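Trainee: First, the structure itself, so that you have it in front of you.
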Amino acid sequence: MSERTQVAGEPAARHRAVRLRSPWLRGLALALGVHVLARGIGLALLALLATTADQDPLTRLSVWDGGWYVRITEDGYADRLDLAVENTGSLGFFPLYPLLMRSAVAVTGLDTAIVGILISEMAAAVAAVGLYVLAARLWSARVGVALVLLWSTQPLSIVLSMVYTEALFSALAIWALVLLHRRSWLGAGTLALLAGLSRSSGLGIGAAVAAYAVWLWWHGEQRDPRQIAGGLLALAGTPLWWLWVGNHVGRLDAWFYIQKNMWGSHWDWGHDVTELGLKLFTQEVRYGGDSGFVMTVTYILLVLAVLLLLEAAALRMWWPLLVYAAVLLALTIGAAGFVGAKPRFLIPIFPLLVPLAIALAGARRRVQVVVGAVLMAASAWFGAFVLVVWGYSF
């Protein structure tokens, strides 16, 4: 081939490359647009409902755990273990999110709560992009868009706009899985470590990364010292925080002690969740009004989550996703504590949504649009309802 022919062919080759990539890029833009639209509708409805009820929307987005993160950012952690001192509870919260908040406040000078909200919003968008990238690698761009839609419109997806850690953790865990699928061991391990420094759910992503590294090594598919290093990094985040808290106050089990005695949260193999569920079903225990509605939704979601995990396993998807989902769901159901918070814990467990995403991706466009509109409206309403009308911590 002559030099002239090569030069003449290069623009055509580049054009074909762009054309081949464009469906993927259009899918990415659509997925991100769907996420932004869902969050925008949720925030708009919250603002409307809060204003009608004489409440400040920004205050509602930074209540409960958000208040703790704001105080930690501004005042730091407690220096001793004393349950009579309220600030002792600060040691129950992981450090990455307030560290990011403090850094952002120092740079921007913005209000602490506003900074926390902005970090959550940006992290949620990063998570949505990661979901699309991962799903497009494993299934298709259409499944990626559907998965982002379902993830962004979960019943308590309003938490993705709050001073809470679900958005940050989701972003770190999802991108750790993207890198894991590419076998970028140190990158996956580092992100998993950071996820473990944002929530105790980091045990799930740590288990997924470490198990995959060991499995590939054991079966001889890949034996790279970096995969062992990545696996160890992935497992380190959450235990490191537990050890730091224990050393900080002079009691090894201090984090667990605080969780149990301040919030009633401890591992009980699902006894608390199951017992309350049975009592609600037999009407031995009754919640009236709004609480009854929220508890009903909560238990429907928990049962659905278990069924979807079984369906996801039947799909024989890439198994690190199943490890991640199974550990997080076990932590959600297996720990005692306020049951009304359980839907929030389901937010990062995106593999549960994959069977639904595959079904939605195969539906007609009109069906997809209708389902998307209904989900956005329902999610926005439920989030605003829980924050403004129900008003209990979750």
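Trainee: Could you please tell me which pairs satisfy a Cβ distance under 7 Å, a separation of 6+ or placement on different chains, a first residue in the stretch 367-387 that is closer than 19 Å to V297 by Cα, and a second residue that is buried (at least 16 other Cβ atoms within 10 Å of the Cβ) and at pLDDT below 95?
Mentor: Matching pairs, first to second residue: V386/V294; V386/F394.
Trainee: Can you say whether W217 is surrounded by fewer than 20 Cβ atoms within 10 Å (Cβ to Cβ), in a helix (DSSP H, G or I) and modelled with pLDDT under 95, as far as the supplied structure shows?
Mentor: Numbers: surrounded by fewer than 20 Cβ atoms within 10 Å (Cβ to Cβ): yes; in a helix (DSSP H, G or I): yes; modelled with pLDDT under 95: yes.
Yes, satisfied.
Trainee: Continuing with this model, one more query. Condition check: without any contact (Cβ under 8 Å) to a residue 24 or more places away in the chain, surrounded by 15 or more Cβ atoms within 10 Å (Cβ to Cβ), in contact with a Leu (Cβ under 6 Å, 6 or more places away or on another chain) and closer than 30 Å to L83 by Cα. Does G204 satisfy that? Write out each step before concluding.
Mentor: Values: without any contact (Cβ under 8 Å) to a residue 24 or more places away in the chain: no; surrounded by 15 or more Cβ atoms within 10 Å (Cβ to Cβ): yes; in contact with a Leu (Cβ under 6 Å, 6 or more places away or on another chain): yes; closer than 30 Å to L83 by Cα: yes.
So G204 does not fit the description; no.
Trainee: Could you list all residues from the stretch 91-138 that are aromatic (F, W, Y) and within 16 Å of A173 (Cβ to Cβ)? Walk me through it before giving the result.
Mentor: Within the stretch 91-138, the subset aromatic (F, W, Y) is 93-94, 97, 132.
F94, Y97, Y132 - these are the residues of the stretch 91-138 that are aromatic (F, W, Y) and within 16 Å of A173 (Cβ to Cβ).
Trainee: Report the residue count in the stretch 155-211 for those that are assigned to a helix (DSSP H, G or I) and touching an Asp or Glu at 6+ places or on another chain (Cβ under 8 Å). Lay out the reasoning, then the answer.
Mentor: In the first step, residues of the stretch 155-211 are kept if they are assigned to a helix (DSSP H, G or I); the result is 157-161, 166-181, 185-196, 202-211.
Applying the additional criterion that residues be touching an Asp or Glu at 6+ places or on another chain (Cβ under 8 Å) yields 159-161, 167, 185.
Adding up the residues that qualify gives 5.
Trainee: Also: Return the total of residues in the stretch 277-317 being under 19 Å from I358 (Cβ atoms) and surrounded by 19 or more Cβ atoms within 10 Å (Cβ to Cβ). If you could, list the steps in order and put the result at the bottom.
Mentor: Here is the first cut: in the stretch 277-317, the ones under 19 Å from I358 (Cβ atoms) are 304-317.
After this cut, where a residue has to be surrounded by 19 or more Cβ atoms within 10 Å (Cβ to Cβ) as well, the list is 305, 308-309, 312.
The qualifying residues number 4.
Trainee: Name the one entry in P348, P343 that is over 21 Å from G277 (Cα atoms) and buried (at least 19 other Cβ atoms within 10 Å of the Cβ).
Mentor: Details: P343 fails: over 21 Å from G277 (Cα atoms).
Checking each option against the conditions leaves just P348.
Trainee: Let me ask you something else. Please work out if L99 is in a helix (DSSP H, G or I), out of contact with any helix residue (DSSP H, G or I) (no Cβ under 7 Å at 6 or more places or on another chain) and farther than 23 Å from L387 by Cβ. Don't jump to the end; show me each part of the working.
Mentor: Working: in a helix (DSSP H, G or I): yes; out of contact with any helix residue (DSSP H, G or I) (no Cβ under 7 Å at 6 or more places or on another chain): yes; farther than 23 Å from L387 by Cβ: yes.
So L99 fits the description; yes.
Trainee: Sticking with this structure for a sec: Just the residues that are under 20 Å from N247 (Cα atoms) and among the aliphatic types (A, V, I, L, M), please, taken from the stretch 85-113.
Mentor: V85, L91, L96, L99
Trainee: Would you be able to say whether some residue in the stretch 33-43 is more than 17 Å from S120 (Cβ to Cβ), of a type outside the set (G, A, S), surrounded by 13 or more Cβ atoms within 10 Å (Cβ to Cβ) and without any contact (Cβ under 8 Å) to a residue 40 or more places away in the chain?
Mentor: The answer is no; no qualifying residue exists.
The values are calculated or read from the model by the stated rules, or taken from the named source; none is laboratory data. Keep in mind that what you see is a predicted model, and the values were worked out from it rather than measured. Reconstructed Cβ throughout: ideal geometry from the backbone, glycine too, with neighbour counts over all protein chains shown.
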